[in-house]
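J.: I am attaching a structure below and will ask some questions about it afterwards.
The values are calculated or read from the model by the stated rules, or taken from the named source; none is laboratory data. These figures come from a predicted structure and were not determined experimentally. Backbone-built Cβ (ideal geometry, glycine too); neighbour counts: all protein chains shown. The area values use the complete protein model at the heavy-atom level, side chains included, leaving out ligands, DNA and RNA. Shrake-Rupley method; radii C 1.70, N 1.55, O 1.52, S 1.80 Å.
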Amino acid sequence: MPIQTVAVMGAGTMGAGIAQVLAQHGFEVRLCENQPEALARARAAIEAQLTRAAERGKIPATLVTESLARLRPAGLEQAASADLVIEAVPEKIELKREIFQQLDRMAPPATLLVSNTSSISITALAAATRRPAQCAGMHFMNPVPVMPLVEIVRGLETSEETIAAVQALAARLGKIPVVVRDFPGFVSNRVLMPMINEAIYCVMEGVAAPEAVDEIMKSGMHHPMGPLALADLIGLDICLDILRVLYRDFADSKYRPCPLLQTMVAAGRLGRKSGRGFYQY
Ligand code: NAD
């Protein structure tokens, strides 16, 4: 049976974006969030985004109200009765495992459980359930309505049917699914974070200023954005967390987080969200 109802756990940056794209593409969306303010913020952000898209002629005006009508707040039990649940709560393994366990207990046997984690092992989350074959990763990129990629993560026990179902779902959302195996950082962050880390080493060692490092990567390597501007956008604390996962899980010094990154995070210079990172905002 094709997936029709999707629950999204967590209505933060990613959950709101995922819910919007699902509703826009005709899915019934159950949004499960434990902070009422976050739920209200998400709804307002989705409405504003859709309205802007309609004003610019990118989507028909009728799609705004139709999409909003498909979005419903839900408790855990209602979330668990969807055809598929996408978990997008904060990047904390204990929290995610607990949610997977609770959903597994409540959900009908056919329900698929997927996580939007950036770095936590899908195999470890699946092991908290009695349905590891029906668990997978769907790693959406930020901002979800704009970025085409969904990195589909195959855990050790994930079945071919589950992979096919989540690939088909991503395609129905107009996204480009790419399947990878469950390894630390998957592919996206395993390739991106060492580049960002190396750019920070260049700044720390006085090889070049942030503007120069970014200009080299933009006009020399055709990157749309320099690695340091991108790190500021992602959040330097997030970059540090992911590098720590890579460093720990591979036990390889090539992923050692740059001391300058650690110092900046300790100082509260987190990038755009704090007003200052490698650049001032
Ligand atoms: P966020 O902090 O913006 O949102 C998380 C939301 O989950 C919050 O609103 C919080 O109140 C809610 N929440 C916490 N516990 C909950 C529970 N038990 N039930 C329901 N809701 C709960 O975080 P985010 O940036 O949206 O990240 C979410 C996930 O997506 C993380 O795993 C992160 O690694 C991943 N991710 C983030 C990005 C990014 O750029 N922000 C990109 C790709 C993947």
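J.: Across the range 31-74, what is the total count of residues that are part of a helix (DSSP H, G or I), of a type outside the set (Val, Ile, Thr) and closer than 16 Å to Gly15 by Cα?
T.: Residues meeting the conditions: 16.
Results for (1) within 14 Å of the ligand (Cβ to nearest atom); (2) under 23 Å from the mean Cα position of the chain (by Cα), shown as yes or no for each residue.
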site	(1), (2)
Thr51	no, no
Leu71	no, yes
Gly75	yes, yes
Val85	yes, yes
Ala88	yes, yes
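J.: Consider the range 90-118. How many of its residues are open to solvent by less than 10 Å² (accessible area, probe 1.4 Å), part of a loop (DSSP other than H, G, I, E, B) and near the ligand (Cβ under 8 Å from one of its atoms)?
T.: Final tally of qualifying residues: 1.
J.: Moving to a separate point now. Does Ile18 fit the bill of being within 16 Å of the ligand (Cβ to nearest atom), modelled with pLDDT of 95 or more, within 18 Å of Glu87 (Cβ to Cβ) and in a helix (DSSP H, G or I)?
T.: Judged against the criteria, Ile18 is a match.
J.: Among helices (runs of 4 or more DSSP H) lying entirely in the range 213-281, which contain 1 or more residues that are away from the ligand (no atom under 16 Å from the Cβ) and open to solvent by 20 Å² or more (accessible area, probe 1.4 Å)?
T.: Result: 236-250, 259-266.
J.: Are any residues in the range 21-30 open to solvent by less than 10 Å² (accessible area, probe 1.4 Å) and either part of a helix (DSSP H, G or I) or within 13 Å of the ligand (Cβ to nearest atom) (or both), and if so, which ones?
T.: Residues satisfying the conditions are Val21, Leu22, Ala23.
J.: If I filter the range 123-151 down to residues being without any contact (Cβ under 8 Å) to a residue 40 or more places away in the chain and part of a strand (DSSP E or B), which single residue comes out as most open to solvent (accessible area, probe 1.4 Å)?
T.: Leu149
J.: Give the residue that is surrounded by the fewest Cβ atoms within 10 Å (Cβ to Cβ), with candidates limited to residues of the range 40-75 that are among the aliphatic types (A, V, I, L, M) and in contact with a strand residue (DSSP E or B) (Cβ under 6 Å, 6 or more places away or on another chain).
T.: So the residue we want is Ala74.
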